[in-house]
Structure formats: C-alpha cells, structure tokens
Amino acid sequence: MVVVILGVLAVFAAPRILNTGDFTARGFHDETMSVLRFAQKTAVAQRRVVCVQLNATGAALTMDTKATPDGVCNGAVTLASAPRGGTGLSGSISAFKFTPLGGTDQTVAVTVSIANSTAITVEADTGYVHD
C-alpha cells in the first residue's frame with residue numbers, strides 16, 4: 001500500500017515540484033495586482049495623486065506630497081513587500097497615475113501582461129483592478 005501511494009505521489013507531485021515557473025509567474029501576478037490596488041487605495045485615502053511605474057522586475061509607487069497638489073510625484077510610497085520580479089512584465093502603458101478620486105489619468109484601460117499568467121486590467125474611469 002505504501003509503494004502504491006508513493007507511486008501516485010511521484011506521478012502527480014514530481015512535475016509540480018520540478019516546474020515552478022508557473023507558480024512564480026502567478027505569485028508575481030498576484031503581488032503586482034496587490035500593489036496596484038494599494039496604489040489606488042492610497043490615492044483615495046491620502047487625497048493625492050499616486051504614480052505607478054511598471055517595469056520588467058516589478059512596480060514602484062510615488063506620491064504627490066506637496067501642500068498644493070500639482071500632480072508631480074516626488075515622494076516615495078513605502079510598500080510592505082514589493083513584487084519579486086524576474087518573470088517578465090509588459091503592458092500597454094508603463095507609467096500612469098491614480099487620481100485622488102481613485103480613477104486613472106488614462107483615457108483607456110491600462111493592461112499589464114505577465115509571462116505565463118493572466119493579464120491585469122486597470123479601468124480608466126474607476127481605477128478598478130482586475131484579471
């Protein structure tokens with residue numbers, strides 16, 4: 001019985017353990033989506049413009065910190081944990097801003113693609129972040 005159980009585990013578990021690329025890509029996808037949602041919530045909560053910069057290794061956030069906001073992001077936004085990159089991030093727009101009302105400064109939805117994973121979409125008017 002033990003040999004049968006070990007055989008079944010070897011057939012199904014070994015490919016999962018050896019192929020971690022899909023798991024890594026999905027983790028990067030989820031972390032990037034969390035950062036984008038955090039950026040939108042920060043913009044609304046702080047009533048400031050939050051700028052998002054996307055590149056192949058992750059995302060960086062900055063915020064307009066001036067007393068009279070002018071839309072220029074000059075202050076860093078601290079993230080509890082930044083996405084660990086290395087899986088290939090691309091998109092229709094590499095930099096955009098969340099407005100104090102939660103929407104984006106874009107006229108069309110922002111699409112972020114991650115290798116071996118589902119694309120992330122940020123709606124232009126509402127800032128809604130979804131798969």
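Before moving on, here are some points about what is shown:
- Residues satisfying the stated conditions in region 31-49, i.e. within 13 Å of residue 95 (Cβ to Cβ) and assigned to a loop (DSSP other than H, G, I, E, B): 49
- When region 50-87 is filtered for residues that are surrounded by fewer than 20 Cβ atoms within 10 Å (Cβ to Cβ), in a loop (DSSP other than H, G, I, E, B) and either among the β-branched types (Val, Ile, Thr) or at pLDDT 90 or above (or both), the ones remaining, listed by number, are 57, 65, 68, 72, 78.
- Pair list, Cβ < 7 Å and 6+ apart or interchain, from region 18-30 residues that are in a helix (DSSP H, G or I) to residues that are modelled with pLDDT under 65: 24/87; 25/87; 28/83; 28/84; 28/85; 28/87
- Hits in region 1-18 - residues which are surrounded by 10 or more Cβ atoms within 10 Å (Cβ to Cβ) and modelled with pLDDT under 70: 14, 16
The values are calculated or read from the model by the stated rules, or taken from the named source; none is laboratory data. Just so we're clear, the structure is a prediction, and the values are computed from it rather than from any experiment. Backbone-built Cβ (ideal geometry, glycine too); neighbour counts: all protein chains shown.
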